[in-house]
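Taking it in order: structure first as C-alpha cells, then the write-up.
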Amino acid sequence: MIEKLPLATRSTLLMASTLVFGLVAYLMVLQKNTIESYFVTPVVMLFALHLFFATSWKVTRVAQIVVFVLVLVLGIPLIGFANSLYLQVVVTICIFAAMALGLNVVVGFAGLLDLGYAAFFAVGAYLWAIFGGSQANNFISGNLFPLNGNLVFLFIPIALFVAAVVGALLGLPVLKVKGDYLAIITLGLGEVIRVLANNLNKPINITNGSQGVRIAPNPENSPLAFITVPLSQATNIPFFQMQLTMYYVLILLVVIAVILFTTRLDNSRIGRAWVAMREDEVAAQAMGIPLVRTKLIAFATGASFAGAMGVLYAAVIGFISPNDFNFERSTQILAMVVLGGLGSIPGVIVGAAIVISLNQLVLVEISRVLQLINLPPRFDPTQYQQLIYGLILIAMMILRPKGLVPAVRQPAKLENLEHGELAKGVK
Amino acid sequence: MMLLNVNKARKVFGGLTAVNDVTFQVPEKSIISVIGPNGAGKTTFFNMITGIYKPTSGEIVFDGQNLIGLRPDEVTEKGIARTFQNIRLFGAMTTLENVLVGRHTRATTSFLDAILHNKNYKQDERAGLLRAKELLEFVGLLEKRDELAANLPYGEQRRLEIARALATNPKLILLDEPTAGMNPQETESTKHLIRRLRDEQGITVVLIEHDMRVVMTISDNVTVLDYGTKIAEGLPHEVRNNPQVIEAYLGRGAAAGEFGKTEGGEAA
C-alpha cells in the first residue's frame with residue numbers, strides 16, 4: 001500500500017509519522033507516572049523503527065536525512081535524558097552493531113565461519129579495564145593507574161591494533177583449514193582466550209580471574225570529563241546520564257566509521273578478493289589471490305573492530321568478567337549477522353538491533369505484562385532467551401534463508417568511468 | 001625461444017603414477033594441444049604447471065624462472081593463467097567483477113588505499129575498469145557486463161573464464177577443454193577466439209581438448225598422453241597418423257583401421 005503512494009507523499013508521511021511518534025514517545029517518557037505503563041516501550045520502539053523504514057523504503061534523500069536527525073540526533077538523546085534505560089539499550093545496540101559488522105567481514109564477505117569472535121572483544125575490553133581502572137597497579141609499580149580517562153581515545157587505536165595482531169596470530173595456523181574445521185578451531189581458540197582471562201590472576205594478578213575487573217566510577221577522571229562535568233552542572237542533568245549521552249555520540253560516530261570502512265573495503269580489490277574466495281577458493285587462487293594472506297586480512301579486520309568496541313564496552317559498562325566473552329556471546333554476535341543477512345551491512349545492523357532489544361526490552365516487557373496474570377516465574381520469557389533465539393533462527397532459515405535484509409552487492413560498474421571513456425566502444 | 005620447459009615431470013599419488021616423466025616444451029606464441037584418453041593425466045599435468053600439485057620429481061621452468069614449489073597465485077603472478085574443465089566462475093559476482101578479480105595481482109590498491117579512497121585507489125579502479133572493458137569487448141561480453149556470472153549461458157561462461165584469465169596479464173594461458181559441451185557454432189567461435197588470443201594479444205596457448213576437429217585445425221603442435229606417459233608429439237597430421245595414438249584412443253584392433261582416414265578426411 002505504502003509502495004503505491006507517490007514518492008513525495010510517501011516521504012512526507014514518513015517524516016510526519018516520525019515526528020508524531022517522537023513527540024508521543026517523548027511525552028510518554030517524560031510523564032513519570034506513565035513510566036510503568038505498558039505502552040511506553042512499544043511506542044519508543046516504533047519511533048526507532050522509522051530508521052528502518054527510511055532506509056528500506058524508497059523515499060527522498062531529504063526525508064531520509066530528516067528521519068535520521070529526528071531519531072538519532074534529537075529523539076534518542078532526549079528520551080535518554082528522561083529515562084536512561086532506552087539510551088543504555090541504544091548504546092548497547094550500537095556497540096554490538098559495530099562488532100557484528102566486523103564479524104560480517106569475516107563470515108559474510110570472506111565466508112570464514114568464526115565461532116570465537118568474542119575473544120577479540122575480550123582483548124579490547126580487558127585492555128581498557130586493566131589500564132583504565134586500577135587493576136594494572138597489581139603488576140606495574142608506581143601507582144600510575146587508573147590512567148587519565150581521556151586516554152580511552154588512545155586505547156581505541158591501540159586495541160584496534162592489538163586485536164588485529166591477536167587475530168592474525170590466531171588466524172595464521174588455522175586459516176589453512178576450511179569450513180567446519182575452521183569453525184571448530186575458532187571456537188576452541190575463543191575459549192582459550194576466555195580461560196586465559198579466567199586464570200591470569202596468579203602468579204601475577206593481571207585479569208583478576210573470574211571476579212572480573214571493575215573501573216571505579218569517577219566523574220573527575222572519566223573520558224571527556226572536561227565537557228561532561230560542566231555540561232551536567234549547567235543543565236542539571238545527572239552526570240552519569242550526561243556521560244552516557246556522550247558515549248552515545250561517540251559510539252554512533254564509530255558505527256558510522258565502521259559502516260564507511262566496510263562499504264569501502266567491500267567495493268575494492270580486497271573486498272572482491274574476499275567474495276571470490278568465498279565463491280570458489282581454487283578459482284580465486286588461480287586468479288592470483290593469495291588465500292592465506294587474504295583470509296588473514298579479513299580475520300584481522302574483523303578482530304580489530306571487535307577490539308575497538310571492547311574498549312568502548314568496558315568504558316561504558318565499567319565492569320567486565322570472563323563470562324562476558326563466552327561462547328554464548330560469540331553465537332549471539334553470529335546470530336545478529338545471520339538474522340540480518342550474511343554480507344548485508346544494513347541487515348547486520350538490523351540484526352544487532354533485534355537481538356539486543358529482544359534481550360533487554362521486549363522480553364522484559366513481555367514478562368512484565370505476564371506478571372499481570374500471575375504467571376509462575378518459571379514461565380518467565382526472560383529465562384528462555386536461548387530458546388527464543390533458536391526458534392527465531394529456525395524460523396528465519398525456513399522463511400528467509402538470506403536474512404531479514406538480504407545482501408545486495410554494489411557491484412563495480414563501467415558507469416563509474418567518466419562519460420568520455422565510457423562512450424568509446426560502449427553502445 | 002621456449003616459453004615453458006617441462007623436464008621429466010612426474011606426479012605419483014600413492015601407487016598411481018598420474019604423470020610419468022613427461023618432457024614438454026612450449027615455444028613462444030604457439031598454440032599447443034595436449035590430448036589423450038580420459039584419465040591420461042592431462043589435467044594433473046596442468047595442475048602441476050599451475051602449482052596446485054607439486055611434482056614428485058622433475059623441473060618446470062617458465063620464462064627462465066623455476067616454478068617448482070610456487071603456490072598457484074604465485075604462478076599466476078609469473079604470467080600463467082588458466083581456465084577450468086568444469087567452469088569455475090564466481091557465480092554471485094557480475095561478469096565485470098569476475099574480470100576485475102582476475103586483475104588482482106596487477107592491481108595496486110592496498111588496504112589503506114581502499115579505506116581512504118585516495119588517489120591510488122581511484123587510479124587503480126579506473127585502470128581496472130578500462131582493462132576489464134577492453135577484455136569484455138575482446139570476448140564479446142560487454143553487453144552482459146552487469147549480469148551475474150551464474151546467469152550467463154554456458155558458452156558465454158566459457159568465454160568469461162577466458163576473459164577473467166586474460167585479466168591476469170598472462171604470457172601463457174592454459175585452457176582445459178575450452179569447447180567441452182559446446183554446439184558446433186560455439187565451438188567454431190571458440191576456435192576463432194583462441195586464434196585471436198595468439199594473433200591479437202600475443203599470448204601463447206596450451207590447451208587440453210577432446211574435439212579432434214579443434215585440435216587438428218588450430219594446433220601448431222600436439223602432445224599425446226596416455227596413462228601419464230607421453231606417447232607421441234609432433235605436427236597435427238603426424239600425430240593423427242601415429243599408430244600408437246590410434247591404439248591409445250581406439251584399442252589395438254582399430255590401430256590400422258578406419259579411424260585415421262575418416263577423421264582425417266573431415267579435418268582436412
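Quick note: the coordinates plus some simple rules give every number you see, no bench work behind them. What you are looking at is a predicted structure, and each value in this text was computed from that prediction instead of being measured. Cβ atoms come from the backbone with ideal geometry, glycine included; neighbour counts cover every protein chain shown.
Which whole number gives the average count of other chain Cβ atoms within 10 Å of the Cβ atoms across peptide B:90-101? Walk me through the numbers on the way to the answer.
Working: counts 10, 2, 8, 7, 4, 1, 4, 7, 5, 2, 6, 12.
Across B:90-101, the average partner-chain Cβ count within 10 Å equals 6.
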Query raised in the report: Between region A:315-378 and region A:247-306, what is the C-alpha centre distance in whole Å?
Result: 25 Å
Query raised in the report: Amide H to amide H under 5 Å from residue A:134: which residues, 5+ apart in sequence or cross-chain, H placed 1.01 Å off N in plane?
Result: A:216
Query - Inter-part distance where region A:137-195 and region A:64-128 are each reduced to a Cα centre, Å - result: 19 Å
Query raised in the report: Could you name the lysines in cross-link range of residue A:413, using Cα to Cα under 16 Å and dropping any fewer than eight places away on the same chain?
Result: A:424, A:427, B:122, B:133, B:144
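Mind sorting B:143, A:281, B:97 by how few other Cβ atoms lie within 10 Å of their own Cβ, fewest first? Please report the intermediate quantities before stating the final value.
Working: B:143 12, A:281 16, B:97 24.
By the 10 Å Cβ count, ascending: B:143, A:281, B:97.
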Requested in this report: Pick out, from B:129, A:26, A:335, the residue whose Cα sits farthest towards the positive end of the charge dipole of the protein assembly as shown, with +1 on the Cβ of Lys and Arg and -1 on the Cβ of Asp and Glu.
Outcome: A:26
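Report, as an integer, the average count of C-beta atoms from other chains found within 10 Å of each Cβ along B:107-115. Kindly include the intermediate steps, with their values, before the conclusion.
Details: counts 6, 1, 4, 3, 7, 0, 4, 9, 9.
Mean inter-chain Cβ contacts per residue within 10 Å come to 5.
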Query raised in the report: Amide H of residue B:207: which non-local residues (sequence gap of 5 or more, or other chain) have their own amide H closer than 5 Å, using H built in the peptide plane?
Result: B:32, B:33, B:34, B:175
**Report entry** Total charge dipole magnitude, region B:1-117, about the Cα centre, Cβ charges on Lys, Arg, Asp, Glu only, Debye to nearest 20
**Finding:** 300 debye
Report task. Take the alpha-carbon centre of region A:7-30, take the same for region B:86-154, and report the distance between them in whole Å. Result -> 44 Å
Query - Which of A:140, A:209, A:117, positive extreme of dipole for region A:98-333 (C-beta unit charges) - result: A:140
Query raised in the report: For chain A, what is the charge dipole size about the Cα centre, in debye to the nearest 20, if Lys and Arg each add +1 at the Cβ and Asp and Glu each add -1 at the Cβ?
Result: 640 debye
Report summary line: Taking the dipole of chain A about the Cα centre (Lys, Arg +1; Asp, Glu -1; charges at Cβ), the one of A:230, A:129, A:13 that reaches farthest to the positive side is A:13
